[in-house]
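Input: a single structure, listed below in structure tokens.
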Amino acid sequence: MGQLEKFLTDNLNELHEKNLYFELKELQGAAANRVTIGGKSYVQMSSNNYLGLATDPEMIKAAKEALDKYGAGTAAVRTITGTMDLHTELENHIAKFKHTEAALVLQSGYTANVGVVTGLMNKNDLIISDELNHASIIDGIRLTGASKYIYKHKDMEDLERGLKEAQEKGYGKILVVTDGVFSMDGDIAPLPNIVELKDKYGVMMMVDDAHSSGVLGKAGRGTVDHFNLNGKVEIQIGTLSKAIGVLGGYVAGSKDLRNWLINRCRPFLFSSSHPLSITAAALKAFQILEQQPERIEKLWSNARYFKKGLQDLGFDTGFSETPITPVIAGSPEKAKLLGKKLFENGVFATPIVFPTVPMDKCRVRTIVMATHTKEDLDLSLEAFKKVGKELGLI
Ligand SMILES: Cc1ncc(COP(=O)(O)O)c(C=O)c1O
């Protein structure tokens, strides 16, 4: 057996034995509130299409029009010939929306986090990061070679300990970084306290608003706006791939931050720009956010209804405060079984296991959408009730 074959066989077997192997489920059609898998219809409870924008006719129309005008691809990185007028229009629009001087769009939220952290920090610096921050922040930190201090989840005493220790060590720059909404638990970072501490110690701060863009704050401006902290956080990351309904990531901040990243953010410099169909649909999404506040209201009323339903049934839903509601099952085996049995009962809710979450907190993560009907949510709750009893979770 060759080296590669041996490596893959051994390691894949181990993943299967430990119940940590991810299966891909193929959807025949769009990521709507109901999806078709293997010819059967399921209630979709795992999508990031919070506001239904991924399947919205106005968004599709905008994308089609841009496709006709600009073609299928841009055929270059932004710094060579891959910047079109619509890219700049979207960036100006995002900057205005986020109350920042400027914004820069990247290929995904993942590349935005990796690109910004690596573009700004180096081995003489320190990065102070919440232990539950997203993998893209962790990967960015690893690539910088900077020192790191990982503080306990949302623990402000531990964060201050890290800041105090840093004072004595003579680092170059110091960056405090947190998710705005934590992706696996749906809880919100205590931004006012973090801002207070980073000001007290005179360091920089970055918030990843992937799961709060389009969800929290006025017209979905994110957690910084939600806490009335506009102008107080130097670096805001957002994604265009979740509630915004398309694909991409962005960084919002000062003009100089944008100018620096154009020159030193490696995913920006070395990977091609978005096709304009994506850019046009994202622009349309930001217009819809302003024009149709009822979408976000519906998202939140659906989220409250579904979360209460799960809690009334007796499920452990952790500390969720947003439309992300985890249903914690325990071991990987139990989480997988929960997902499998829900699927057999017409609900598509993906199990999330280690290393994405701790080994003993494996779960099915549900995300409610504004486009879920009451019938969708009731059908899901019925399935959770039946399966939860079978598995002894309630
Ligand atoms: C907190 C957080 N940040 C960043 C990302 C990456 O976003 P994208 O899917 O646009 O790459 C995700 C997506 O899973 C996320 O949950």
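Nothing in this text is a laboratory measurement; each read-out follows from the coordinates by a stated rule. Keep in mind it's a predicted model, so treat the numbers as computed, not measured. So basically every Cβ, Gly included, is an ideal-geometry build from the backbone, and we count neighbours across all protein chains shown.
Counting charges near Glu168 (Lys, Arg +1; Asp, Glu -1) among other residues having Cβ under 15 Å from its Cβ returns a value of +1. Charge dipole (Cα centre; +1 on Lys/Arg Cβ, -1 on Asp/Glu Cβ; no other charges) of the chain amounts to roughly 240 debye. May I ask for the percentage of alpha-carbon pairs in the range 85-154 that lie more than 14 Å from each other? Result for the distance tail: 65 percent. At q = 0.13, 0.16 Å⁻¹, what base-10 log of I(q)/I(0) does the Debye formula yield for the range 57-291 when every alpha carbon is treated as an equal point scatterer in vacuo? Treating every Cα as an identical point scatterer, log10 I(q)/I(0) equals -0.73, -1.08.
Taking all C-alpha pairs of the range 34-96, those more than 18 Å from each other amount to 60 percent. Within the chain, DSSP assigns beta bridges of which about 55% are antiparallel (rounded to the nearest 5).
Springs join every pair of Cα atoms under 10 Å in this Gaussian network model of the chain, and among Glu131, Glu165, Glu23 the largest mean-square fluctuation is at Glu23. Translational diffusion of the range 165-244 was estimated from the Stokes-Einstein equation, with Rh taken as the Kirkwood radius over Cα pairs; at 37 °C and 0.692 mPa s the coefficient is 250 µm²/s. Out of Met184, Leu257, Ile174, whose Cα points farthest toward the positive end of the dipole of the range 57-291 (charges: +1 Lys, Arg; -1 Asp, Glu; placed on Cβ)? Result: Leu257, furthest along the dipole toward the positive end.
Among Leu143, Leu338, Leu299, the largest mean-square fluctuation in a Gaussian network model of the chain (Cα springs under 10 Å) belongs to Leu143. Note on the range 1-58: percent of Cα-Cα distances in each 10 Å bin, starting at 0 and stopping at the bin with the largest distance, equals 19, 30, 22, 21, 8, 0. Note on the range 41-158: percent of Cα-Cα distances in each 5 Å bin, starting at 0 and stopping at the bin with the largest distance, equals 2, 8, 11, 14, 17, 16, 13, 9, 6, 2, 0.
With a cut-off of 13 Å between beta carbons, the residues surrounding Glu333 carry a summed charge of +4, where Lys and Arg count +1 and Asp and Glu -1. Distance between the 7 Å Cα→Cβ label points at Ile262 and Thr373: 4.9 nm. Working note: Cα atoms of the range 149-196, range along each principal axis, descending, whole Å: 35, 18, 17.
Between Glu89 and Ile37, the modelled label-to-label distance comes to 3.8 nm, taking each label 7 Å out from Cα in the direction of the beta carbon. Take the Cβ-Cβ distance between Lys96 and Asn228 as r, set R0 to 25 Å, and report the resulting FRET efficiency rounded to the nearest 0.05. About 0.90, to the nearest 0.05.
For the chain, state what percent of all Cα-Cα pairs lands in each successive 20 Å bin, counting from 0 Å until the bin that includes the largest distance. In order of increasing distance, the bins hold 27, 57, 17, 0 percent. For Gln287 and Glu23, the FRET efficiency from 1/(1 + (r/R0)^6), where r spans their Cβ atoms and R0 equals 30 Å, is about 0.20. A straight Cα-to-Cα reach below 16 Å connects Lys40 with the lysines Lys25, Lys340, Lys341, residues fewer than 8 places away in its own chain not being considered. For Ile128, enumerate residues with amide H under 5 Å from its amide H, sequence gap 5+ or separate chain, H modeled in the peptide plane. The answer is Tyr149, Leu175, Val176, Val177. Here the contact order of the chain, divided by its residue count and restricted to Cα pairs under 8 Å and six or more residues apart, works out to 22 percent. Distances between placed amide hydrogens fall under 5 Å for Ile352 paired with Arg363, Val364, Arg365, all partners being 5 or more residues away or on another chain.
Evaluated with a Cβ-only charge set (Lys, Arg +1; Asp, Glu -1), the range 246-378 carries a dipole of roughly 440 debye about its Cα centre, given to the nearest 20.
Take the Cβ atoms of Glu131 and Asp68, set R0 to 41 Å, and the FRET efficiency comes out at 0.30.
A cut-off under 12 angstrom between Cβ atoms defines the neighbours of Leu261, and their net charge, with Lys, Arg +1 and Asp, Glu -1, is +3. Per residue, the average separation of C-alpha pairs within less than 8 Å and at least 6 apart gives the range 201-294 a relative contact order of 22 percent.
Its residue count N sets the reference 2.2 N^0.38 Å, and the alpha-carbon radius of gyration of the range 320-394 equals 1.05 times that reference.
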